[in-house]
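The structure appears right after this line, and notes come after that.
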Amino acid sequence: MTSSKCRVVVLISGSGTNLQALIDGQLNQTLAIDIVGVISNRPGVAGLERAEKAGIPTKVLDHKTFDTREEFDWQMEREIIKFDPDLVVLAGYMRIMTPELVKAFEGKMLNIHPSLLPKYPGLQTHRRALENGDSEHGSSVHFVTEVLDGGPLIAQSRITINDDDTEQTLGERIKLVEHKLYPQVVQWFAEGRLAFENNQTFFDGKKLEQPKQV
Ligand code: GRF
């Protein structure tokens, strides 16, 4: 991976602003990556248009056309493998994965989640942070394991919650920090600085005790 660019497949379900941050990094050459494919489980989403505009091959695999999660994920695994990626990036991919799919890409699949994990895995993270009166919120990038939003952490970005913040303003402000956080982590992976062993994150060969703050 050091001599050639890291081949990245991005999985999306929606707007794809994190995908756009990665595309921009590839285009302006701050990221040593080649986004070789974008796969969406929803047809017609804006993220697909972003990929097409950048000339990146896309694939729609509509989960509604499959009878079971197992059949869908089996096919998803095949579609990902076709792109022969070094790294699979989940960027707003809103599907729970089977253990088989997770296992197939162990140590080379990343997710970004809009909370300071281990706080608030799952949905409605901005609402939960507000309801609990938290003073800070943020986003986390982690290796994907079978535990939903529970794989070993790599890095986080934090924001202060203001008195006048709403779910919407928090969502917008979180996305802004995500667009720096995710490219940074992807670049670390591309440089070979990140590894996953024994369910732990290693950075530059050392076990990462605390997530990096970006
Ligand atoms: C992000 O906030 C990410 O943390 C979460 O889903 C959102 C995706 O947004 N997993 P986008 O599709 O990248 O705009």
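Under the convention that each Lys and Arg Cβ holds +1 and each Asp and Glu Cβ holds -1, the size of the dipole of the range 32-102 around its Cα centre is about 320 debye. According to the square roots a ≥ b ≥ c of the eigenvalues of the Cα gyration tensor, what is the shape class of the chain, taking rounded for a/c under 1.5, prolate for a/b larger than b/c otherwise, and oblate for the remainder? Rounded. In straight-distance terms, cross-link reach from K212 covers every one of the lysines whose alpha-carbon lies under 21 Å from its own, apart from those fewer than eight places away in the same chain; here that gives K108, K119, K175, K180.
Stretching the chain fully between L130 and K53 yields a gain of 24.1 nm (0.36 nm per residue, less the alpha carbon separation).
Under the convention that each Lys and Arg Cβ holds +1 and each Asp and Glu Cβ holds -1, the size of the dipole of the chain around its Cα centre is about 380 debye.
What is the percent carbon and sulfur in the accessible area of the chain, measuring with a 1.4 Å probe over the protein chains and ignoring ligands? Taking all protein chains in place, the chain shows 48 percent carbon and sulfur surface. Computed on the chain, with alpha-carbon pairs under 8 angstrom and 6+ residues apart, the relative contact order is 20 percent. Think of it as helices only: each DSSP H run of n ≥ 4 in the chain is worth -39500 (n - 2.57), and spread over all residues that comes to -10000 deg cm²/dmol at 222 nm. Length gained on full extension, D163 to E197, computed as 0.36 nm times the residue gap minus the Cα-Cα distance: 8.1 nm. Return one whole number: the accessible area per residue of the chain in Å², for a 1.4 Å probe. Value returned for the chain: 50 Å² of accessible area per residue. Computed over the chain with a Gaussian network model linking Cα atoms closer than 10 Å, the most mobile of M76, M94, M109 is M94. Only the Cβ atoms of Lys and Arg (+1) and of Asp and Glu (-1) were treated as charged; on that basis the dipole of the range 109-214 about its Cα centre amounts to roughly 320 debye.
Considering the options P118, A46, G205, tell which one lies farthest towards the positive end of the dipole of the chain, charges being +1 on Lys and Arg and -1 on Asp and Glu at the Cβ, about the Cα centre. The residue sitting most towards the positive pole is G205.
Spatial offset of the range 57-84 relative to the range 182-214 amounts to 28 Å, using the alpha carbon center of each.
The values are calculated or read from the model by the stated rules, or taken from the named source; none is laboratory data. Here the structure is a predicted model, which means the values were calculated and not measured. As a convention, Cβ positions derive from the backbone with ideal geometry for all residues, glycine included, and neighbour counts pool all protein chains shown. With ligands, DNA and RNA removed, areas are computed over all heavy atoms of the protein, side chains included. Shrake-Rupley method; radii C 1.70, N 1.55, O 1.52, S 1.80 Å.
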